[in-house]
Structures are given as structure tokens and as C-alpha cells.
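Reviewing the structure listed below.
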Amino acid sequence: MVQEHTHDDAHDHGPSGTPPLPELIANTDTTRLVAPSAPVAVHPGVITPIPTRSLRCGCYLINFKPSAGSALVTYDGTLRVECHAEGRTASGDLYQRGIRAMRLGTGQTVISLQPPPNPAAGIPIFARGQYREYLRVTSLLENFTFGSNFTLGFERRRFDSVSRTWSNLGAFTALMTWMAAPAGYPSSKDYLSGIVKNASNVAVGTLTMGWVSKYLRKVTVEIDRVSVSEAPLNDGGSNSWASVFEAINWQGTVDVSDANIAQPSGESWSDAEMHQTMLAKRDASNLDAEWRYHVLAVRRLDSTERGIMYDGNGSDSNNVPREGVGISSHWVIPNAAPWGLAKGQRFGASSKAYFRTAVHELGHAFGLYHNSVDLGFMNVTPSIAAAATASNPFPNNIQWSFATDDLMRLRHFPDIYVRPGGTPFGTSYASTPQSPRDSVISDDSLHLKTSALLDVVPLGAPVRINLELVNTGDAPVAVPGHLSMKGGTLRGQVIDPAGNARQFSSCLVCLDDESETDLAPGKSVRSALTLMRGPQGALFGSAGLHRVQVDACWESDGNAKQVSGETAVMITPPVDDAHARAALKVLSTPDTLLVLVFGGDHLTDGLEAVQAALDNPVLRPHYAYIEAKRLGQRFGKRKADARKAAALITTKTVMTDSESKKAKLLMADAGDEAAAGKTAGRKTGA
């Protein structure tokens, strides 16, 4: 393993108009000496310096103890303090400390708090399930003070892990006072404590904070590869994972692991094979004790050309969204002018472009979307190539940094948004507590027409939704080139008859393709969704009227844009006991969704549920295409079976237009041209 952190603490400088500050007395001391504005003469000709304090940059281990409620309730977390030319920016997260039970010799059980994090271990990692609050810091010590305390102002934003929504608990302040740190802290003088008061000036608890690291966050990146693929470690020069993490103030460890991952079948990897390999080959890790991301370098990818962030919302199978990315070493860069010095090269041989894409995909794993404000990491590769010039050709024109707004997100978005296994990819910037610069822009000229393929669907069947994004204005509008969950542009929620909302977004996100197109007035982009499950479980788990709300979200010119639409579908109750049993099987099996997304043969529980649906005459028309698509794709040593897949498709099969077109190809591959013609002509199920 390679530990990558290369710079020493930077010294702060006094604000404009003040005398220059001398160096720190010691590297772990925040006390500074500055000549006073009105010098005090103790002895003739001798100036006595006045000590000042400033808030040290980096990560603090914090604890919030409420003054009311159970003595067994306390919160640990981190406060991130970023230093910049204008002063300080800070944010924090709180996790509820667990409790433990000990049985005494008398048979009595004693309940107590678990021990606090060890400050000597540096930046702490907490269990995801214990996440409770985000601290949106609104005021703090920006430069220095002559006193021994300062007022910290913040909002407490409570996170609901079920609905994945935030509530504002109000504004709070704490007069934080420097004091000697308890044993174990790396700096004895960078420790503060204060009484927390609410907006009514009523004390509600105690907050402590002690400096533990010059970095803001801590991650590990594991890199696995097939033997003929290069490990994306650097750009062939000075840009590496060390410099990437240093620039965002993260402590990064690179684990160059397996170099001989076996290819399941041929050089090109299907989505299912990538998913299975990630689960089987990554190093054993505990995401509640380590933020570990996985990079897999292979020859080619079925789904895309350069890279993919898969398992974008895999909480239905292993509850670890945003954990793995893949990169293709044997994609050949087009032999065309925009690609400059890299044209015609194999991707892995072009170190700059190859490494940049690995960082780009990992940025998606951190929760970031495309960002076209510059030529940095989160812009797409074709756009960077198109912006090259003769004097600065691609890939030399790559900007080796994240955009300013993305830097803010990486440093100050809530842990639960950034860490692997947190919120699924597709979580809106606008709904996440952070900088007011993160706003969503709505374009009144765009309309998202949303309609159910079938208005009435039996319990246990997937619901198919047709979408059409229409430009109703008088001028062209930049929109996503493709509307899809896989592309990361579509997400939403389903509201059941009882008013409960369940979110949905992609299980697989592929985002290194051209992302925008100019939609002319009166023109539209069409797409469709097949909905079954989301992070909170089955989306259509009961009979009755369900409302489906769909959001089309994308990034354009550095701004988050969104257009929404809504439709309704009636879910009918079981017609008999056999239907009820089959519906229960698919509704209670999370992997049913992953069979739809990934196919393959490895998700045995999901395959059993799909087979139960196929064995039921009520549900069979709704699942026939799902099974046909799976059989029509190779997996491992199993070859694609077009004939067996085509045999599942009948005139009663429920399919969207895009599914019908794919079914036509299956029929043609199977040699059934007559059936292919019929399939191409149908648009809805019987």
C-alpha cells in the first residue's frame, strides 16, 4: 500500500492591513505573536508581543452531548476547517455513538456507551448506520483573535435514512474556548469546548472539538486489473493519485492490488460481469471502518467506451452504492483531429487521457456529476478534446483539477453524500445541505411528458413509464443527449395510496459519454423507464393508485438543471392465490431488480423470483422480455441463446418501444424474421 500525503501545514497570514505574523512557535501550536497596534512598554525600548490564536486548518474530532434526554445519547463526528485567502470555511457531521451491554457476575446487565474514537488514530471513520446530522457552519473565527475563545454558529440538519431527506433543527451557537487537550490528541493546544445554545439562547448541550489531521477526509482506493490492462496510477508525469488527493485536502491511500483478474468471457465485460467481479475480487473491507473505493481496469466494456461507475444504487443487493468504477484500457481513441496527440492510440497507452478518466469515474463515486465550467476532471472526455487547439492539443489541454464548486462539495458536502455506501448516485445537489451556490435551475421552455405504458398493472409486475422531453420554446436548449437511469439523468419517487414516498434512481451509472445536445424548438427526446424497486424497497408493493414523479436532472454550464413530470398507475390486487404467491416472491426479493439491470446467472435469488413470475400467467407477460434480454446476452462461459430468448416473446409480452426494438433484434438473431416484423410493430402490451 502506498500512503500519499506530501505537504506540510501551510502557515496562515494576517488579514490585509495588519502587521505580518511570525511563524508558529511550534508546529502543533496555534498561538501566534504579533506586534500590538498600541505597543506596551514594559522596559524602555522593549516591545512585549501579544499572543493571538487562530483556528487551525484540517479535521477536528468533535463530540456533541445534549443536555436533555438520556445519558446514553452522545454524538461523535468530524468538523472540517478549510483555510483560504478569505478566511475559513467549515462543515461537520455527527454520528450517534453506540451502546454496549455487559453482564455482571450477579447476572445483572449494565448498559453503557461504547468508547469514543481514538484521536491518536487521526481522522475517524464512523458506521454509516449511525449517521444523524450535518453541521452547516454559518460563522466561525475567520482569521485570528487576541482572546481565548470565538463564537461558532451553525445549523443542525437532521438526516432521515429511510426517506433520505433532511430537516432543519434550527440555528445554534457555541462560545468555543481553547483549553488543554485530553491525552491522545496530536496537538495539545488545538482543542476547544463550548456550551451550545439554540436561537432562544437556551443551553442545549456541550460541544468539544480537537484537531487530529491537516487533511479533511480519509479514503482508500483499491486498483485491480486484468493482466494486459494498465493500472491507472498517473499521467506519465507529475499528476498522480497523490496530487489529486493533495489538491482536495484528502488523505488518500492507494492499494495496488490484484494484477491478474481473470476475464469471465472474452475481452469485453458485460455489466453483470463487472458487478460480479467487483463483489468477488475486491479486497475484504468494512465500509463502516474505512472509506474504500474500487477501480477495475479491463480491456473493454460492453456498456460504454472509456469508463463506467457501476453499482450506483446497489442498496437492494449489498447496500453499497457508489463503490466501484471500471475503465477500459483497449478502447482505441478515434483517429480524428480533435483527439490531437492521442488520436489512434490505445486508451491505456495514452497515460494522460487514461488516468484522467479513472479520476473522472471516481469523482462520480464521490457523488459528483458532470461539470462543464472548465476542462477539469468532471467534464467529459470528448468535450475536452473538442476544446483543444493547435498550440495546446489534447490531451495536453486537460485541466488537472476539480472545478471550484466541485471542490466545495468534496470538502464540505455531508459524509453520507460522499462516502461509499451512503446516499445513492443521483441525489440532488439542491436537496443536500451545503453552499447556496448549489441551486437548481428550471427552464420553462422544457416540458417532461410522463405517461404509464399501461394504466392498470397487476400486483408484482414492473411498471413501465414513457417519457418525452419537449422544447416548447423559441430557441434551442441544451439537454441530455439521452434520458436514462443508466446515464444518471433520471430519478424520482413513487407515492403509494397511503402517501408513503419511495425514491428510485440508477443501479448502474455510465457517465463518461457526450452528455448534451441542442434540442431545437418543437423537437423532443424520448425515453422509457421500467420501475420495480428503490432504496426503500418495492415501489409498487400494494394495490391502489400510485403516483409516479420523474425528475430529469443534468449539469449544464456549471448549473444543476431539472425538469419534472408526473403520471399515475393503478395496481390491481391478486386475482388468485397463485398470483399472490408469485407477487410476494418478486416483491420481497431485492435481487429481482438487479436481474433486470445486470442480467447474468449469478443473482440466484433474483433469478428464482423472475422464474416464479414467468410461471404465473398473470405476471408472465410483464417479465418475459426481462428474461429474454438476460438469455440473449452472454455471461461467463454461457453463450447468448437468441432462439431461447426469442421463444419467450409473444404478442402478449409487455414492452416499451425501445424494448420492442431490442426484441426485434433477438428475433432476427434467432432467424425468425416474421416474428421480428410483428414485434417491431407493437408498442404496448396486450
Which value, in Å² and to the nearest 10, is the accessible area of Cys83 when all protein chains are kept and the probe is 1.4 Å?
40
Can you list the lysines whose alpha carbon sits under 30 Å from that of Lys652, skipping same-chain ones fewer than 8 residues off?
Lys449, Lys486, Lys585, Lys629, Lys639, Lys644, Lys661, Lys662, Lys664, Lys678, Lys683
Quick calc, Leu584 & Val456: beta-carbon distance into FRET formula, R0 22 Å, rounding 0.05, result 0.65
Where a Cα-Cα gap under 22 Å defines reach, which lysines qualify for Lys197, not counting those fewer than 8 residues away within the same chain?
Lys65
Compute, for Val373, the solvent-accessible surface of its heavy atoms (probe 1.4 Å) with the complete set of protein chains present, and express it in square angstrom to the nearest 10.
80
Contour excess over end-to-end distance, with Cα ends at Asp605 and Thr206 and 0.36 nm allotted per residue
138.8 nm
Can you list the lysines whose alpha carbon is less than 19 Å from that of Lys214, not counting same-chain residues fewer than 8 positions off?
Lys189
Sparse-neighbourhood loop sites, GluC sites (Glu not before Pro) in segment 259-295 - DSSP loop, at most 15 other Cβ within 10 angstrom
Glu267, Glu290
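For the pair Glu468 and Asp443, what calculated FRET efficiency results from E = 1/(1 + (r/R0)^6), where r is the Cβ-Cβ distance and R0 = 22 Å, to the nearest 0.05? Show your work: numbers first, answer last.
Numbers: r = 15 Å, r/R0 = 0.70.
So the FRET efficiency works out to roughly 0.90.
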Inter-centroid distance (Cα atoms) of segment 127-153 relative to segment 458-486, Å:
42
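Just subtract the alpha-carbon distance of Ala640 and Ala259 from 0.36 nm times their residue separation and send over the number in nm, one decimal. Don't skip to the end; give the middle numbers.
Values: separation 381, 0.36 × 381 = 137.16 nm, distance 2.85 nm.
134.3 nm is the gain from fully extending Ala640 to Ala259.
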Heavy atoms only, probe 1.4 angstrom, no DNA, RNA or ligands counted: give me Arg419, Arg346 ranked by accessible area, highest first.
Arg346, Arg419
Hits in segment 96-133: amide N under 15 Å from the 7 Å Cα→Cβ extension of Ser161, namely 96-99, 126-133
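The values are calculated or read from the model by the stated rules, or taken from the named source; none is laboratory data. Keep in mind the model is a prediction, meaning the values are calculated, not measured. Note that we place each Cβ from the backbone using ideal geometry, even for glycine, and neighbour counts take in every protein chain shown. When the accessible area is computed, the model is the full protein with side chains, heavy atoms only, and any ligands, DNA or RNA have been set aside. Shrake-Rupley method; radii C 1.70, N 1.55, O 1.52, S 1.80 Å.
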